[in-house]
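This report concerns only the one structure given below.
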Amino acid sequence: MMGFMPHEETRTMTPPPVRDPAAPGAAKEGGAAPRAWTVRLLVLGIVLSALNLRPAITSLGALLEEVRDGLGMSGSVAGLLTSVPPLCFAVFGVMAPRLARRFGAGAVVCAGMAAIATGLIVRPYAGGTAGFLAGSALALMGIAVSNVLMPVIVKHWFPDRVGSMTGLYSMALALGTALAAAVTVPLTDTLGGSWQTGLALWAGLAVAAVLPWLPFVRGRRTPPGTGEQTAAAAAGGDAPGPDRDPATRAQPPAATPHARVEAPRLRMARSRTAWALAVFFGLQATAAYITMGWMAQIFRDAGVPAGTAGLLLAVTMVMGVPLAFVIPRLATRLPHQAPIVLALGLCGLAGYAGLYLAPAAGAWAWALLLGIANCAFPLALTMVGMRARTGPGVAQLSAFAQSTGYLISIPGPLLVGVLYQHSGGWGLPIALMSALMIPQMAVGFLAGRDRTVEDEAAR
């Protein structure tokens, strides 16, 4: 995520307008309450954008067999296709802060939604595997930059409602993920059975997400009077745990209006906690993208109908809707997040064991268990907020953990495709998924300790 520059609240009778922190030389200042229509438009934009951050991936997972047959893909090439999302997130996500500083965060998210729409329309009809990969990369580029900037936008424009807005954003993201998995196959059948149509129809949702951001593109300005970005908001939520008492938080340095406060750069590579978080993030992302890309195919190969397999994937994804609220709030109330890490890991191991022993007979149970295990994602984001003392520290830790983690996650889905093709079954791929859960639990245990990266990086 982008860095934040905390400032003192400026109390004046006629507060000056708030400039976008993504714009050069921006300084945060207090202000009057934003207009009601502005708030509603922002909320609509956030929700619609979050809904678009996963359908490009899960809709493909539901129709992967048809896409492979239509384009003549081997299992290895299909594995490469399922590795494209984390690769794009690692490569293009790094560009998001720089683009936001130049053009404004709202403009970049608007462009990201447009890129998603264009990529989803182009990829089914580009002709051949190379064109499909190029269209997918364009859509995923839009997802990557929006993925990085959306939490920043939430924390900047709703500083007094970070927890509730983050929960709404997370719920919409999980809902979009599950919706695409559940209805892509039925809609494809209804529209004539063409996989091209089934994939392209999701571009309409991305087009709808462009519209609420258009008023925030011109002038690179934020809505007037959105208030002060506090250190508590930047640290990741409004439900602090015992080690994040607001009374004991480090206070932001004083600053005059329009002055910029440069945050000291931390050497994250010196911090064991930062590395533990990065590896934990990478391993949970590996499991998530293997699940989104391959789980429906596992059920289909076990004899489950295509429509039911899509519903099972949707069940796995929809578990993130309620747990995105529960897990972060529970994590911030624990001095050590290891119990949650271990509980999620054990659910994952049980789900993989079920996929190996009786994939069709207990399909719904395995889908539920893997859905719980995949909720390591909101836990990772919560621990990022708890393992840094200041807002700029959180931003630097988040950038390090996410960029490094997505790089770590790239080989997993590809390796699953290779093992599936050369072994002729799902035994070895499932064994790999199970084996990766063990180090995920170990590094999650280390990342959950009550430490801060500022202390470790300064040593």
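The values are calculated or read from the model by the stated rules, or taken from the named source; none is laboratory data. Small disclaimer: the values here were computed from a predicted structure and weren't measured. Neighbour counts are summed over all protein chains in view; Cβ atoms, including those assigned to glycine, are modelled from backbone coordinates with ideal geometry. All accessible areas refer to the heavy atoms of the entire protein, side chains included, with ligands and DNA or RNA removed. Shrake-Rupley method; radii C 1.70, N 1.55, O 1.52, S 1.80 Å.
Cα centroid separation, the stretch 289-312 to the stretch 184-206: 17 Å. What the Cβ-Cβ distance of Arg449 and Ala343 gives, at R0 = 22 Å and to the nearest 0.05, is a FRET efficiency of 0.85. Residues in the stretch 328-402 average 34 Å² of solvent-accessible surface per residue, probe 1.4 Å, ligands and nucleic acids excluded. Sorting the segments 313-326, 90-103 by their mean number of nearby beta carbons within 10 angstrom, highest to lowest, gives 313-326, 90-103. To the nearest 0.05, how large is the calculated FRET efficiency for Ala130 and His336 if R₀ is 56 Å and r is the Cβ-Cβ distance? FRET efficiency, Ala130 to His336: 0.70. If you bin every alpha carbon distance in the stretch 270-320 into 5 Å steps from zero, what whole percent lands in each bin? Cα pair-distance distribution for the stretch 270-320, in percent: 5, 20, 20, 17, 12, 9, 7, 5, 3, 1, 0.
The listed peptides 444-452, 275-283, ordered by packing as a protection proxy, come out as 275-283, 444-452 (highest mean of other Cβ atoms within 10 Å first). Taking 0.36 nm per residue of sequence separation and removing the Cα-Cα distance, the Ala358/Leu211 pair yields an extension gain of 48.3 nm.
Per-residue packing, averaged as other Cβ atoms within 10 Å, sorts the ranges 356-362, 173-179, 207-213 into the order 173-179, 207-213, 356-362, beginning with the highest. Put the Cα centre of the stretch 69-93 next to the Cα centre of the stretch 407-459 and the gap is 18 Å.
When the solvent-accessible area of the stretch 386-459 is split by element, carbon and sulfur atoms take up 69 percent of it, the probe being 1.4 Å.
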